[in-house]
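Novice: Quick one: the structure is below, and I'll ask about it shortly.
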Amino acid sequence: MGDSLNLLPASFADFRRDAEKRLPRFLFDYIDGGAGAEVTLRRNTADWEAVQLNQKVLVDASKMDCSVELFGQKLAMPLVLAPVGMGGMTARRGEVQAKRAADAAGIPFCLSTVGICPMEEVAQVSQRPFWFQLYMLKDRGIVQEILARALAHGVTTLVFTIDLAVLGTRYRDIRSGMAGGLGPWGRFRSGALDYALHPGWAIDVGLRGGPHGFGNIAMYVKQSKNPRDYLHWTGTQFDSSVTWADIEWLRQVWPGKLVLKGVLDVADARQSVAVGADGMIVSNHGGRQLDGVASTAAMLPRIADAVGSETTLLVDGGIRSGQDLVKALALGARAALVGRPWVMALAAGGQAALSRMLGLYKQDMRTALGLTGLPNARDVGRSALLGG
């Protein structure tokens, strides 16, 4: 039996395949890849697949409700578009397109510190508040300026990434030259030649999609012209000395909701609650930091058992369908975040493709709710799982 027609994308794998055709190789590998041998990257998706739902029949599924409440806001489904560094390079002004798609789907968009579009540009999309993700920089003055700007542009939820004390060893980025060290021929192959082989992207994003710097920190980065220059600057500015004391400081200077991203340990989860965080994201940075650590699907129920009643739990890493959203709710999360899926969809076909993907997530979630006998997402708990 031959391949199916593939006229319309139906799954994450389809959007990923289309993105791979469209993007320059270095950029696709940067988004698609993980740390080391990518064991944790594969484990993230495999462990969600291994979670078994409990099918229940003859329950009235004529009225379905995928919505949840999160930090005082109603979400049309328990999904947030995760912060992705350089995500805006996959389509023209990519974060702006992603915000529009998220708004239309009734879910939050989280802008990365190292996104392409600055918060000022993203804020112009609509009055609907977006989230902002922060890395701790050595210059605390810059950090406070960024937070003041975020607050002024309607951000009420701050996501602080805590698992980047050192940058993960990403083999694909070393091979492609994203990590530096290329000679003249390497720069030509990963630049002009790669762009020529992907003319759609080169024209739409490369020529028409500028500026290509990290918009949120461009004013602080002198003499940088492209994302590689910015990556070098951030590599020197990320503060590796951050401890829980810095989280306490952040809690004092940030008046909105504070969510810590990168919790993968029960003791760390308890400490997150102790320092006053409003929520946490069970995360291993999408398998991009320490290869060989546990999957988020494995750690979520343990952390939920320890602190689930005291905080708002979120999860990311390997969430690839609406069915996975139901599994995340069943294991104790209030919502899940996706990174690669939204960026791949955006690369595949811009805002329209991302909106299609979000529609597929919601339809898939409705199917899972209806056939687990839990038509209201807010009722989903361990009983939705086999043996639960």
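Novice: Quick check on Ala347: is it out of contact with any Cys (no Cβ under 7 Å at 6 or more places or on another chain), farther than 21 Å from Phe71 by Cα and among the aliphatic types (A, V, I, L, M)?
Specialist: yes
Per-residue answers, yes or no, for (1) within 30 Å of Pro199 (Cα to Cα); (2) surrounded by fewer than 22 Cβ atoms within 10 Å (Cβ to Cβ); (3) in contact with a Ser or Thr (Cβ under 9 Å, 6 or more places away or on another chain):
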| residue | (1), (2), (3) |
| --- | --- |
| Arg356 | yes, yes, no |
| Ala377 | no, no, yes |
| Ser383 | no, yes, yes |
| Leu386 | no, yes, no |
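Novice: For Leu151, which of the numbered conditions (1) among the hydrophobic types (A, V, I, L, M, F, W, C); (2) outside any loop (DSSP other than H, G, I, E, B); (3) open to solvent by less than 10 Å² (accessible area, probe 1.4 Å) fails to hold?
Specialist: (3)
Novice: When Glu95 is evaluated against the numbered criteria (1) closer than 27 Å to Arg170 by Cβ; (2) among the acidic types (Asp, Glu); (3) touching a strand residue (DSSP E or B) at 6+ places or on another chain (Cβ under 9 Å); (4) open to solvent by 10 Å² or more (accessible area, probe 1.4 Å), which criterion, by number, is the only one it fails?
Specialist: Every condition holds for Glu95 apart from (4).
Novice: Let me ask you something else. Does segment 147-158 contain at least one residue that is at pLDDT below 95 and within 17 Å of the chain's Cα centre (by Cα)?
Specialist: No, that holds for no residue.
Novice: Further question on the same structure: Taking interchain pairs and intrachain pairs at least six residues apart, which have beta carbon atoms under 8 angstrom, with the first residue in segment 265-286 and over 23 Å from Thr45 (Cβ atoms) and part of a strand (DSSP E or B) and the second modelled with pLDDT of 95 or more and among the β-branched types (Val, Ile, Thr)?
Specialist: Here the result reads Gly279/Val259; Gly279/Thr311; Gly279/Thr312, each pair linking segment 265-286 to a residue that is modelled with pLDDT of 95 or more and among the β-branched types (Val, Ile, Thr).
Novice: Just one of (1) aromatic (Phe, Trp, Tyr); (2) at pLDDT 85 or above; (3) part of a helix (DSSP H, G or I) trips up Phe214, so point out which.
Specialist: Here Phe214 meets the rest and fails (3).
Novice: Kindly list, by first and then second residue, each pair from a residue in segment 101-122 that is under 18 Å from Leu314 (Cβ atoms) and among the hydroxyl-bearing types (Ser, Thr, Tyr) to a residue that is assigned to a loop (DSSP other than H, G, I, E, B) and open to solvent by 10 Å² or more (accessible area, probe 1.4 Å), limited to pairs with Cβ atoms under 8 Å and residues at least 6 apart or on different chains.
Specialist: Ser112/Pro83; Ser112/Val84; Ser112/Gly85
Novice: Going by the structure shown, is Val59 over 30 Å from Ala37 (Cβ atoms), open to solvent by less than 10 Å² (accessible area, probe 1.4 Å) and among the β-branched types (Val, Ile, Thr)?
Specialist: No.
Novice: Still on this structure: Against the conditions (1) open to solvent by 30 Å² or more (accessible area, probe 1.4 Å); (2) touching a residue at least 12 places away in the same chain (Cβ under 8 Å); (3) not in a helix (DSSP H, G or I), where does Arg16 fall short? Just the number, please.
Specialist: Of the numbered conditions (1) open to solvent by 30 Å² or more (accessible area, probe 1.4 Å); (2) touching a residue at least 12 places away in the same chain (Cβ under 8 Å); (3) not in a helix (DSSP H, G or I), the odd one out for Arg16 is (3).
Novice: One residue is enough: does segment 247-256 have a residue meeting the conditions at pLDDT 90 or above, crowded, with 17+ Cβ neighbours inside 10 Å, among the β-branched types (Val, Ile, Thr) and within 18 Å of the chain's Cα centre (by Cα)?
Specialist: no
Novice: Within segment 62-73, how many residues turn out to be touching a residue at least 24 places away in the same chain (Cβ under 8 Å) and either open to solvent by less than 40 Å² (accessible area, probe 1.4 Å) or closer than 16 Å to Phe130 by Cβ (or both)?
Specialist: Matching residues across segment 62-73 total 6.
Conditions (1) part of a helix (DSSP H, G or I); (2) surrounded by 24 or more Cβ atoms within 10 Å (Cβ to Cβ); (3) under 14 Å from the mean Cα position of the chain (by Cα); (4) on the phi > 0 side of the Ramachandran plot, marked per residue:
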{"residue": "Met299", "(1), (2), (3), (4)": "yes, no, no, no"}
{"residue": "Ala304", "(1), (2), (3), (4)": "yes, no, no, no"}
{"residue": "Glu310", "(1), (2), (3), (4)": "no, no, no, no"}
{"residue": "Gln323", "(1), (2), (3), (4)": "yes, no, no, no"}
{"residue": "Val326", "(1), (2), (3), (4)": "yes, yes, no, no"}
{"residue": "Leu346", "(1), (2), (3), (4)": "yes, yes, yes, no"}
{"residue": "Gly350", "(1), (2), (3), (4)": "yes, no, no, yes"}
{"residue": "Ala353", "(1), (2), (3), (4)": "yes, no, no, no"}
{"residue": "Asp364", "(1), (2), (3), (4)": "yes, no, no, no"}
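Novice: Return the residues of segment 74-92 that are over 16 Å from the mean Cα position of the chain (by Cα), open to solvent by 10 Å² or more (accessible area, probe 1.4 Å) and of a type outside the set (D, E, K, R); say none if nothing qualifies.
Specialist: Within segment 74-92, Ala76 is the sole residue that qualifies.
The values are calculated or read from the model by the stated rules, or taken from the named source; none is laboratory data. As the structure is a prediction and not an experimental result, all values here were calculated from the model. Note that we place each Cβ from the backbone using ideal geometry, even for glycine, and neighbour counts take in every protein chain shown. For the accessible areas, the whole protein counts, side chains as well, though only heavy atoms, and no ligand, DNA or RNA atoms are used. Shrake-Rupley method; radii C 1.70, N 1.55, O 1.52, S 1.80 Å.
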